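The values are calculated or read from the model by the stated rules, or taken from the named source; none is laboratory data. Here the structure is a predicted model, which is why all the values come from computation and not from measurement. When we count neighbours, we look across all protein chains shown, and the Cβ atoms used for this are built from the backbone with ideal geometry, even at glycine.
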Amino acid sequence: MTEHEPGNDGRLPCTAKVPYGGDYNPEQWPRDVQDDDHRLFTQAGVDTLTVGVFSWSVMQPAEDVYDFTVLDGILDRAAAEGRQVCLATATAAVPPWLAKKYPEVNRTDFEGRRHRYGQRHNFCPSSHAYRRLSTALAARLAERYAHHPALLAWHINNEYGGSCYCNVCTQAFRGWLRERHGTLDALNDAWCTTFWSHRFTDWDEVEPPSVLTEHWRGPDHTAFQGITLDYQRFMTDALLGCFTAEKDAIRLYDPDTPVTTNLMGAYRPIDYHRWAPHLDFASWDNYPPLDAPPTRPALAHDLMRGLKDGAPFWLMEQTPSTTACRDVNPLRRPGELRLATWQAIAHGADAVLYFQMRASRGACEKYHGAVIGHAGRDDTRVFTEVAHLGAELGRLGAITLGARTPARTALLFDWESWWALEISDGPSRLIRYPDVVHAYYRAAREAGADVDVVPVTADLTSYDVVLAPVLHLVKGDLATRLEAVARRGGTVLATFLTARCDQHDRAFLADVPGPLAPLMGIRVDEWDARPKDVVQPVRLGELTAQAGLLFEIVRLRGAEAVAVYGADFYAGTPAVTRNRFGPDGGEGWYVATALDRPGVDHVVRRVLARHALVGPYADHRAVETATRVAPDGACLFFLLNHGSTSTDVAVHAAARDLLTGKRLDQGDVLTLDPLGVAVLVLQ
């Protein structure tokens, strides 16, 4: 067994290899099943188990009764088998007795309906009863297991999410607003309440934005964006308060063991940047649609890595075969699990865990993929693949642990801009923040650039290129810091609908793009939103790209046109611009329309090429590359073939392949099998 290092102080749990395993729920089966489970775990190279995630009703059958007999057995057996445990606090689903005794714990939904007991994520985050009982349970667990030899990390709750609109949340929202805005005058100014006679004269007049108040046709159609934006911030903080309350309870008895919760990548309801300082390490659950391009999970990996200033994260969950929650749930093909796992490690994962270790017998996840199926066999394709991967990770050892990504390209990701863009009335509800962000991320990654996905508050001094797609809100000193990137010779790329509003979602009283206008050297007076079936040509030198959804009409104010529209009354006017900025040849690029993939690729590669950031395998579209630098200085270069056929690449530097042991000289041909992986230590 590998024990965690005392005095960890917020670092990742200390292990001798990449932790490998996943969610294990033996409380769902007879005790003798554990014997088979642990035999199979050993066979598959499993050393880490996440336990107790949904066992509140087992551990606390009544308010004044705690029974840890089952959990004692689970942890003691893990320790005896030489396995380590990520111990959950079990607070993601309340037990039935709690909901019956304290009905205010049940959430009120967007339509104003108080829910009755059922499902999970079923608690009001502002409920005093929930806070009291969840923290009491967390404290009991920490008191009992803080020094257990199997304990590796704490896992609070599970996949926090959802919103509540009850009276308790209403009162809490009003208190949150007082603290944030200070006075009603400031609140009215922030929300522009002179519109539609909304000026508030008493805090008790403020209501959460729901279908009964400021919304119609769903949560994205709001009359007052400022109110909705603040409620999303409030709900992020309310759920965070539940997490920190449990963490504080754990710290009363265990000051050292790292604490996390499993996030969900680019999950819209919660601003994870507000959570990041409170996580000892980031962890997340990776369930992309299996027909999504590989850059979708790559973007989420890099977003999670960026939460903790580039520190490695844990892949807390992934399916070994299939999900069960979608209308149609495709099966991972042979080799796809291995490739997805190595992709996570390439982007910064220091642990690889599954949901689930053994398939549930009943309820909604009985058909969800599992390492061990209902029959408990060791000769299934899925188990065999998991075991082969476990052996491979065992041979890898600790070389990737703690390794960081030396990116010189940053992509700004901002939850508040996401919310503000998609709740805005106009110019187009067809523009989706994640899609535009992904388009620019994909272009950079397929060009071979390592990319840090960072918050708008990040230190930008180490980056040569900063991508800021659809950054609807520009807050604080961001404009000044972006100018500083260009002043020292870097490049900043922004797109349509960037820098339209301030932190309260109020339009800047200035030419678009507001505080970025000097850097971009342009002015935008008008914009033309069109249906999806309307596309227009954009001439980018020899390339004619297609554009759609939104066409901003740009006037040059120092910038030069890189591309022009080819149709409509604004034909011949700039669609892409470049502005020289600063004494060291910095540039500000602006893309005024939603270009198609070839168009985005063309623009991004031009920007990256200016800084010698186009990678050596950029012409191999199916081959993904990523770089990590280990604590001892070793440079790890990952090659991942997402194609269905073999591909040959000429090695760009002398290296040793960690997976085969083969030494390669510069120029040697390396063959990547379909869905194949190479991990090179550059010499």
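Here are the numbers for this structure:
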{"quantity": "Residue within segment 482-495 that is in the same structural domain as ASP435 (by TED's automatic domain parsing) and farther than 20 Å from ASP464 by Cα present", "calculated": "no"}
{"quantity": "Hits in segment 486-517 - residues which are in contact (Cβ under 8 Å) with a residue 60 or more places away in the chain, closer than 15 Å to ARG578 by Cα and not aromatic (Phe, Trp, Tyr)", "calculated": "ALA486, ARG487, GLY489, GLY490, THR491, VAL492, LEU493, ALA494, THR495, PRO513, LEU516"}
{"quantity": "Selection from segment 302-317 of residues that are outside any loop (DSSP other than H, G, I, E, B) and surrounded by fewer than 24 Cβ atoms within 10 Å (Cβ to Cβ)", "calculated": "GLU317"}
{"quantity": "From THR244, THR228, THR183, THR194, residue being under 31 Å from the mean Cα position of the chain (by Cα) and more than 30 Å from ALA138 (Cα to Cα)", "calculated": "THR228"}
{"quantity": "Filter result for LEU550 (closer than 23 Å to ARG597 by Cα, part of a loop (DSSP other than H, G, I, E, B) and modelled with pLDDT of 95 or more)", "calculated": "no"}
{"quantity": "Tally, over segment 385-415, of residues that are basic (Lys, Arg) and either surrounded by 20 or more Cβ atoms within 10 Å (Cβ to Cβ) or part of a strand (DSSP E or B) (or both)", "calculated": "1"}
{"quantity": "Segment 626-653 - residue that is assigned to a loop (DSSP other than H, G, I, E, B) and β-branched (Val, Ile, Thr) and, of those, surrounded by the most Cβ atoms within 10 Å (Cβ to Cβ)", "calculated": "VAL651"}
{"quantity": "Segment 333-366: number of residues that are in a loop (DSSP other than H, G, I, E, B) and in contact with a Pro (Cβ under 6 Å, 6 or more places away or on another chain)", "calculated": "1"}
{"quantity": "Residue list for segment 441-478, filter: small (Gly, Ala, Ser), under 18 Å from ASP505 (Cβ atoms) and assigned to a loop (DSSP other than H, G, I, E, B)", "calculated": "GLY476"}
{"quantity": "The listed residue being of a type outside the set (Ser, Thr, Tyr) and modelled with pLDDT under 95, out of LEU12, LEU71, LEU75", "calculated": "LEU12"}
{"quantity": "Lone unmet requirement of (1) free of Cβ contacts under 8 Å to residues at least 40 places away in the same chain; (2) part of a loop (DSSP other than H, G, I, E, B) for THR671", "calculated": "(2)"}
{"quantity": "Scope segment 195-252; condition over 25 Å from ALA90 (Cα atoms), β-branched (Val, Ile, Thr) and outside any loop (DSSP other than H, G, I, E, B); matching residues", "calculated": "THR222, ILE227, THR228"}
{"quantity": "Filter result (under 25 Å from HIS128 (Cα atoms), buried (at least 23 other Cβ atoms within 10 Å of the Cβ) and of a type in the set (D, E, K, R)) within segment 66-101", "calculated": "none"}
{"quantity": "Within segment 479-500, considering residues that are in a loop (DSSP other than H, G, I, E, B) and of a type outside the set (Val, Ile, Thr), the one surrounded by the fewest Cβ atoms within 10 Å (Cβ to Cβ)", "calculated": "ARG488"}
{"quantity": "The lone exception for ARG656 - which of (1) surrounded by 17 or more Cβ atoms within 10 Å (Cβ to Cβ); (2) outside any loop (DSSP other than H, G, I, E, B) it fails", "calculated": "(1)"}
{"quantity": "Condition check for ARG656: assigned by TED's automatic domain parsing to the domain that holds VAL451 and out of contact with any His (no Cβ under 7 Å at 6 or more places or on another chain)", "calculated": "no"}
{"quantity": "Residue within segment 591-609 that is more than 20 Å from GLY448 (Cα to Cα) and in a loop (DSSP other than H, G, I, E, B) present", "calculated": "yes"}
